[in-house]
Amino acid sequence: MIITIDGPAGSGKSTAARKLAAKLGIPYLDTGAMYRVVTLAALETGIDLHDEAALTRVAEQGQYALDPGPTHIRVTLDGRDVTEEIRSMRVNDHTRFIAGSPGVRRALIQKQREIVGRMGDVVTEGRDQGTAAFPDADVKFFLDAAPTKRVERRYHELLADGEEVTFDQVLANVLERDRTDSQRPVAPLRMPPGAIQIDTTHLSIAEVLDAMLAHLRDAGWLSQVTGSIPD
Ligand code: C5P
């Protein structure tokens, strides 16, 4: 069973994906981490971020790995643990070059399909999972929230990670990523056809999880997932 969760930065999709996967006892895939680690790899090799061929090579051949599990995802680059580093503002500020590259998107979608093919049951989250990567997914969710709320969440996450950022810097970054994610010609951020939309502006994590579980229960999916906990 494939469950996709799409949505913009700060919509709460990563936490929702992690919690839902843990509740169902299945792995989750954080595809944003893939774009982030390719961004870090490109920055470290010093290639021109407009060089499409070079970016595609990094995505296809870079020595990065994701170790997905039900409760965490560990990311390595050249054998080094970069799980924290890929969340930095330096990476945030450059993901748009990588996310806008058709070659990178092709390479990463192929890798996502291979990973998901090996996993069987999975919750996969990102900005194109229900549209471009897995248009035939069994269940699709689209999470969204008011922009001020999304910026607030990202700001507090970054502060908790020890980043020295101002609210205005995060605001500018999130709005810029919203703009480039929804306007790029390849696989722009869109609500997937048939997706269940959840506005998380005024919801706690537990309430978002409940809303998703209620849908899965009503649609008769819960009993079909390995290890699922119906109540
Ligand atoms: O979700 P997260 O903020 O970690 O994603 C980082 C960046 O990667 C996003 O701003 C977006 O540009 C890109 N991305 C994407 N498609 C995905 C996942 C992430 O374009 N499936």
Which far-off residues, 5 or more places away or on another chain, put their amide H under 5 Å from the one on Ile196, with H placed in the peptide plane? Lys140, Phe141, Phe142
Rounded to two decimals, what is Rg over Rh for the chain when you use alpha-carbon atoms and the Kirkwood radius? 0.94
Using the Karplus curve 6.51 cos²θ - 1.76 cosθ + 1.60 with θ = phi - 60°, work out ³J(HN,Hα) for each residue of segment 129-139 in order, rounded to whole Hz, and write x for Gly and Pro. 6, x, 9, 9, 6, 9, x, 9, 4, 5, 9
How much mean residue ellipticity at 222 nm does the chain get from its helices, if each DSSP H run of length 4 or more adds -39500 (n - 2.57) and you divide by all residues, to the nearest 500 deg cm²/dmol? -14500 deg cm²/dmol
Would you mind computing, in nm to one decimal, how far apart the modelled labels at Asp138 and Thr76 are, each placed 7 Å from Cα along Cα→Cβ? 3.1 nm
Please list, or write none, the lysines whose alpha carbon is within less than 27 Å of the alpha carbon of Lys111, excluding same-chain residues fewer than 8 places away. Lys13, Lys19, Lys23, Lys140
Can you list the residues of segment 168-200 with backbone N under 13 Å from a point 7 Å past the Cα of Ala219, pointing along Cα to Cβ? 192-198
Would you mind putting 136-142, 40-46 in packing order, based on average other-beta-carbon counts within 10 Å, highest first? 136-142, 40-46
Sorted on mean Cβ neighbours within 10 Å (highest first), peptides 150-161, 14-25, 176-187 come out as 14-25, 150-161, 176-187
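Values in this text are rule-based calculations from the coordinates and carry no lab data. As the structure is a computational prediction, the values presented were derived from the model and not from experiment. In this analysis, Cβ positions are derived from the backbone assuming ideal geometry, glycine residues included, and neighbour counts consider all displayed protein chains.
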